1. Using mean Cβ contacts within 10 Å as the protection proxy, how do 103-115, 42-54, 127-139, 61-73 order, highest first?
2. Counting only Cα atoms, I'd like the Rg/Rh figure for the stretch 28-133, Kirkwood definition for Rh.
3. If we sort 23-29, 82-88 on the protection proxy, mean other Cβ atoms within 10 Å, highest first, what's the order?
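Coordinate-derived values only; no laboratory data. The structure displayed is predicted, hence computed values, not measured ones. Cβ: placed from backbone, ideal geometry, glycine included. Neighbour counts: every protein chain shown.
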C-alpha cells in the first residue's frame with residue numbers, strides 16, 4: 001500500500017488517532033471529513049477507487065450510503081485524476097496522450113469537480129496558442145489554394161487590334177482619311193473622295209474584300 005492520494009489523510013487511523021485499534025481503511029466518517037474539507041463527491045469516490053486498487057479497504061457502509069450513485073474513476077477525465085484530486089500536469093499530459101483535446105481535458109475535469117493547477121493551466125494555454133497558430137496557417141494555405149484555383153479573366157482585344165488582310169483596320173482608315181484630305185484639299189469634292197477612300201480602306205482592312213464586289 002505504497003500509493004497515496006489526498007484521501008489517505010482521512011483513514012480511520014488518521015481521524016481517530018486517539019483510538020489504538022482505529023482502522024487504517026475508510027468508512028463513512030472518511031467521506032464526510034473529506035466533504036467538510038471542500039472535496040467534491042466525484043473526487044472522493046475516484047480517490048477511494050484508486051486506493052482500493054492498491055489494497056486499501058473501503059467499508060461496506062461507505063460504498064452503499066455514500067459512494068453509490070456518484071460518478072467515479074470510470075467517467076470521463078476522472079480516470080486521469082491526480083493524487084491531489086485534480087488534473088495536474090502529469091494527468092493533463094496523460095489525457096493528451098489518450099488523444100483528448102485541451103478543451104476536452106479542461107471541460108471534462110471541471111465537470112468532475114476538478115481544476116487545472118498552475119503547471120497544467122500553463123500547458124493548456126500553450127496548447128491553445130499552438131492550436132490558434134495552426135488554424136491561422138491552415139486558413140492562409142486554404143486562401144492561397146483558392147486564389148490559385150480561381151479562373152483567370154480572358155483578355156480581349158480593342159478595335160484597334162482587329163486584324164484583317166490589310167492589318168489594323170482603324171489605323172489604316174485614319175491614315176487613308178488624312179491622305180485623301182491632303183490630296184483633295186481645296187476642292188469641293190475632297191470630302192466625298194475622302195469618305196469613299198476611308199470606307200474602302202476600312203472594308204479591305206477588316207477582311208471584307210473590295211467595296212465594288
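1. Going from most to least packed, we get 42-54, 103-115, 61-73, 127-139.
2. Looking at the stretch 28-133, the ratio lands at 1.03.
3. Working: 23-29: 18.0, 82-88: 20.0.
Output ranking for 23-29, 82-88: 82-88, 23-29.
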